[in-house]
Amino acid sequence: GRSESIIKIKDVDSLDTARELVGGSIFVDALEEFVGEFDDEADDGSESLWPEMWDKIESASELIGYYTVLASTQEVIGQIEGIESNGIQDLLVIRYVKEDEDGDDGEGTNGKKPTFLVPFVEALVPVVDTEEKMVVLAEIEGLY
């Protein structure tokens, strides 16, 4: 199937300028830092709560067994049990580990499927901590 995305390109500020680019190719510098709404770096120069270690992993499969932590609450919500691909990017298969409200430690899903998928991209997984064997998930409503 066809997949579409809406993106903002620097210096393309009018519909006419954007139309000139239709059908063309866009090249992205993979070394350039992403700047977007999920960018959680502090502007005040303070240190981040977690070290960024994206450069210490070579493959998403190295993350199998890592715990997943919500950035907003620092709560462990799952554990990576596998990796899938959608043809564009790797997807982390995460199994809930949170305890149910009734005290049953079944799957901790509270009526949801026992696993969920998260695209392994820095906007959604801003921190990979190889020392603590955990990844931090950005807070995205409805993602998990």
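The table that follows gives values for the structure above.
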item: Complete set of residues in the range 77-93 that are hydrophobic (A, V, I, L, M, F, W, C) and surrounded by 15 or more Cβ atoms within 10 Å (Cβ to Cβ); result: ILE77, ILE80, ILE83, LEU91, LEU92, VAL93
item: Residue selected from the range 61-76 under the condition under 14 Å from the mean Cα position of the chain (by Cα) and under 15 Å from ALA138 (Cα atoms), by the criterion most open to solvent (accessible area, probe 1.4 Å); result: TYR67
item: Test: residue in the range 29-49 that is open to solvent by 70 Å² or more (accessible area, probe 1.4 Å) and modelled with pLDDT of 80 or more; result: no
item: When residues of the range 125-143 are limited to those that are buried (at least 19 other Cβ atoms within 10 Å of the Cβ) and outside any strand (DSSP E or B), the one nearest to the chain's Cα centre (by Cα); result: VAL125
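The values are calculated or read from the model by the stated rules, or taken from the named source; none is laboratory data. Being a predicted model, the structure only gives us computed values, none of them experimental. For neighbour counting, all protein chains shown are included, and Cβ atoms are generated from backbone atoms with ideal geometry for every residue, glycine included. We work out accessible area using only protein heavy atoms, side chains counted, and drop any ligands, DNA or RNA first. Shrake-Rupley method; radii C 1.70, N 1.55, O 1.52, S 1.80 Å.
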